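Visitor: Mind having a look at this structure? Questions to follow.
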Amino acid sequence: MWVKSEYAGELAVLSAWVSMLVPWNVAFLTKAPFDSTVVFLRFALFEVQFRFPSELVFDGQQLDVASALAETYPGTHFLGDAFLALPTAAITFYESPQLQQAGLAATGGALAFLAALALSVALYTREDAVADALDGREVQLMGTLLLAGAAGTAVATALYYLERGLVGTPIPVGVLVVGALGAVLLRTERV
């Protein structure tokens with residue numbers, strides 16, 4: 001492969017960190033309830049939602065659109081218009097079977113990414129000991145974990161797409177990047 005074997009361990013560590021920092025999908029919904037706007041950034045271990053409620057007045061009364069959005073989307077308020085949700089939230093919050101299955105797939109991907117992160121920390125701090133324990137297959141193990149995470153998030157992205165009217169049209173940014181990194185690592189030979 002195009003990676004020099006002496007840098008394969010460093011690429012494995014860097015790839016795991018990239019998988020945690022790049023959102024696996026991004027979605028933008030301008031026709032959320034009451035013509036509000038919601039932006040979803042779905043990362044390996046959590047989802048950040050930016051909710052921008054519209055201002056509606058009915059019979060001279062200001063409607064509480066923010067509460068309607070809270071009833072529509074899972075998440076915990078943490079700053080301004082930003083909310084956090086775990087991948088497991090979709091499993092229990094939504095009534096749609098596609099969104100519940102998307103939550104399951106995203107949770108599976110999150111577990112694979114979490115294992116990749118743990119392996120990257122071990123490689124970063126004790127590369128020789130980890131390489132000995134894994135018979136020199138640590139880079140391929142990282143590639144396998146990243147591909148498993150990318151597969152889980154790809155399935156979740158496809159299921160979110162089926163419900164794009166509610167959760168926006170997902171753009172699989174990180175799925176493609178992490179999948180490519182995982183494939184490169186899986187094919188890298190250490191000498």
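Visitor: Please compute the contact order of segment 34-120 in relative form: average sequence separation of alpha-carbon pairs under 8 Å and at least six residues apart, divided by the residue count, as a percent. Present the calculation step by step, with values, prior to reporting the outcome.
Guide: Details: 114 pairs, mean separation 20.7, N = 87.
Relative contact order of segment 34-120: 24 percent.
Visitor: Same structure, new question: Give the Rg/Rh ratio for segment 1-105, taking Rg as the radius of gyration of the Cα atoms and Rh as the Kirkwood radius, to two decimals. Walk me through the numbers on the way to the answer.
Guide: On the way: Rg = 18.5 Å, Rh = 16.0 Å.
Value, to two decimals: 1.16.
Visitor: In addition: Identify, among Tyr7, Leu159, Val177, the residue whose Cα sits farthest towards the positive end of the charge dipole of the chain, taking +1 on the Cβ of Lys and Arg and -1 on the Cβ of Asp and Glu, with the dipole about the Cα centre.
Guide: Tyr7
Visitor: Using +1 on the beta carbon of Lys and Arg, -1 on that of Asp and Glu, and nothing else charged, what's the dipole of segment 88-150 about the Cα centre, debye to 20? Provide the component values of the computation, followed by the final result.
Guide: Working: 2 positive and 6 negative charges, 36 e Å.
In debye, rounded to 20, segment 88-150 gives about 180.
Visitor: If you don't mind, another one. How much length would be gained if the chain were fully extended between Ser54 and Thr88, taking 0.36 nm per residue of separation minus their Cα-Cα distance, in nm to one decimal? Can you show the working numbers first?
Guide: Working: separation 34, 0.36 × 34 = 12.24 nm, distance 2.78 nm.
Full-extension gain reported as 9.5 nm.
Visitor: Order Met142, Met20 by their accessible area, 1.4 angstrom probe, all chains in place, largest first. Intermediate results must be reported in sequence, preceding the final value.
Guide: On the way: Met142 0, Met20 35 Å².
Greatest to least solvent exposure: Met20, Met142.
Visitor: Here's a follow-up. When only Cα pairs under 8 Å and 6 or more residues apart are kept, what is the percent relative contact order across the chain?
Guide: Details: 350 pairs, mean separation 55.9, N = 191.
Reported relative contact order: 29 percent.
Visitor: Continuing with this model, one more query. Could you order Leu41, Leu176 by accessible surface area, starting with the largest, using a probe radius of 1.4 Å?
Guide: On the way: Leu41 45, Leu176 120 Å².
Sorted descending by solvent-accessible area, the residues read Leu176, Leu41.
Visitor: I would also like to ask the following. Using the membrane-span-like helix rule (whole DSSP H runs, Cα extent along the own axis of at least 15 Å, mean Kyte-Doolittle hydropathy at least 0.0), which helices of the chain qualify? List each step's numbers first, then the result.
Guide: Values: long enough: 8-21 (20 Å, 1.48); 97-133 (45 Å, 0.75); 138-162 (36 Å, 1.24); 173-187 (22 Å, 2.27).
Result, helices passing both filters: 8-21, 97-133, 138-162, 173-187.
Visitor: Compute the Cα gyration tensor for segment 60-111, then decide on rounded, prolate or oblate, letting a ≥ b ≥ c be the square roots of its eigenvalues: rounded whenever a/c is under 1.5, prolate when a/b is larger than b/c in the other cases, and oblate in all that remain. Intermediate results must be reported in sequence, preceding the final value.
Guide: Values: a/c = 4.88, a/b = 1.87, b/c = 2.61.
Since a/c reaches 1.5 but b/c is at least a/b, the shape of segment 60-111 is classed as oblate.
Visitor: Placing +1 at every Lys and Arg Cβ and -1 at every Asp and Glu Cβ, with all other atoms neutral, what dipole size does the chain have around its Cα centre, in debye to the nearest 20? Could the numbers behind the result be given before it?
Guide: Working: 9 positive and 17 negative charges, 84 e Å.
My answer is approximately 400 debye.
Visitor: In deg cm²/dmol, rounded to 500, what helix-only [θ] at 222 nm does the chain give when every DSSP H run of at least 4 residues adds -39500 (n - 2.57) and the total is split over its residues? Please report the intermediate quantities before stating the final value.
Guide: Values: 7 runs with 108 residues, N = 191.
Calculated mean residue ellipticity at 222 nm is -18500 deg cm²/dmol.
Visitor: Sticking with this structure for a sec: Could you rank Ile91, Ile171 by how accessible they are, 1.4 Å probe, largest area first? Please report the intermediate quantities before stating the final value.
Guide: Numbers: Ile91 50, Ile171 100 Å².
Sorted by accessible area, descending: Ile171, Ile91.
Visitor: Multiply the residue gap between Leu162 and Trp17 by 0.36 nm, knock off their C-alpha separation, and tell me the result in nm, one decimal place. Don't skip to the end; give the middle numbers.
Guide: Numbers: separation 145, 0.36 × 145 = 52.20 nm, distance 2.95 nm.
Extra length available between Leu162 and Trp17 comes to 49.2 nm.
Visitor: While we're on this one: Rg and Dmax of segment 59-171, using alpha carbons, in Å: what are they?
Guide: Reported Rg and Dmax, both Å: 19.2, 72.
Visitor: Take the alpha carbon atoms of segment 4-83, find their center, do the same for segment 94-142, and report the distance between the two centers in whole angstrom.
Guide: Their Cα centres are 23 Å away from one another.
Visitor: Per residue, how big is the convex hull of the chain when only Cα atoms are used? Give it in Å³.
Guide: Numbers: hull volume 21.1 nm³, N = 191.
Spelled out: Cα convex hull of the chain, divided by residues, is 110 Å³.
The values are calculated or read from the model by the stated rules, or taken from the named source; none is laboratory data. Predicted model, so just to flag it, every value in this text is computed and none were measured. Glycine gets a Cβ as well: all are built from the backbone with ideal geometry, and neighbour counts include every protein chain shown. These accessible areas exclude ligands, DNA and RNA; they are computed on the full protein's heavy atoms, side chains included. Shrake-Rupley method; radii C 1.70, N 1.55, O 1.52, S 1.80 Å.
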